[in-house]
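Heads up: the structure comes next, in structure tokens.
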Amino acid sequence: MFIKKLLKTKFFTELIALTAALYLWLVRLTSIVKIQNVNHLNFANEQNQPIIFAVWHGRIFYSVMICSSLYKYENYSLVSKHRDGQTIAAFVRKFNSKTISGSSSDGGFAALKQILKILKSKKQRLCITPDGPRGPNMKINSAIIEIAARTNSIIIPLSYSAKYARFFNSWDKMLIPRLFNHITVNYGEPISVAKKISKTEIAQHKNKLEQKLNKMTKTLDKFYSHNQVESGSQNIKRV
């Protein structure tokens, strides 16, 4: 009983977040990192519009480091209100990223209002896991296209893989890079969404984004000879 209570404390959440952050810094310091298609990011920055980074939930770990490197801009991450989401929130804050609490299933409306307000500034950068927080993994289940349309934001698909990696047996098949590694990061081609958009066009954009992210992720994994992560897993049980 004591251990269960301890696991739910803010102290333990912060401890886990700090440990993960220190490990991520060690990964970065001991690894060779290759960035692909940085011209896509440069193009988006030149448009003087807010940017939304779309990252699969299973590739969020190192992506936090990537987004934190964009020091010229304010960075935000959308995280779940659940306990695991709060651990992720504490983790990303270690990298000077602000957080917005909410999801499509819990607190989504309040989170949406905050996102719309934040993205009115052209200097803002928001990271969204469009298959979170419950999945199915690698399937768009969020309102990322609608958000981009209402805020005139550009969406950039973002993914990475690593030569030496641990894939967790979780719904999202989380990839954690090991130390002394080779890591490849890929910025996908920017997606612009018209402000006035039909339901059919929203569905088309979601399909386009999903296909892009999956192709990027699978290509990176194939380069490092990893087994292909299958999409469709879902987190049924919440604690």
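Here, each number is a calculation from the coordinates, and none is a lab measurement. This one's a predicted model, so the numbers in the text were calculated from it and none came from an experiment. Don't worry about glycine lacking a Cβ; one is built from the backbone with ideal geometry, like all the others, and counts go over all protein chains shown.
From the alpha carbon centroid of the range 108-163 to that of the range 41-56 is 11 Å. A straight Cα-to-Cα reach below 13 Å connects K163 with the aspartates and glutamates D221, residues fewer than 8 places away in its own chain not being considered. Modelled spin labels at S69 and K208, positioned 7 Å past Cα toward Cβ, are 2.7 nm from each other.
Overall, the ratio between the Cα radius of gyration of the range 2-223 and 2.2 N^0.38 Å, rounded to two decimals, is 0.98. Between L179 and F11, the distance separating the two model label sites (each 7 Å from Cα on the Cα→Cβ line) works out to 2.7 nm. Mean residue ellipticity, 222 nm, helices only, the chain: the sum of -39500 (n - 2.57) across DSSP H runs of n ≥ 4, divided by residue count and rounded to 500, is -13000 deg cm²/dmol. Ignoring aspartates and glutamates fewer than eight residues from K120 along the same chain, the ones with Cα atoms less than 14 angstrom from its Cα are E74. Residues within the reach of a label modelled at Q36 (point 7 angstrom out along Cα to beta-carbon, backbone nitrogen below 14 Å), restricted to the range 151-165, are 157-163.
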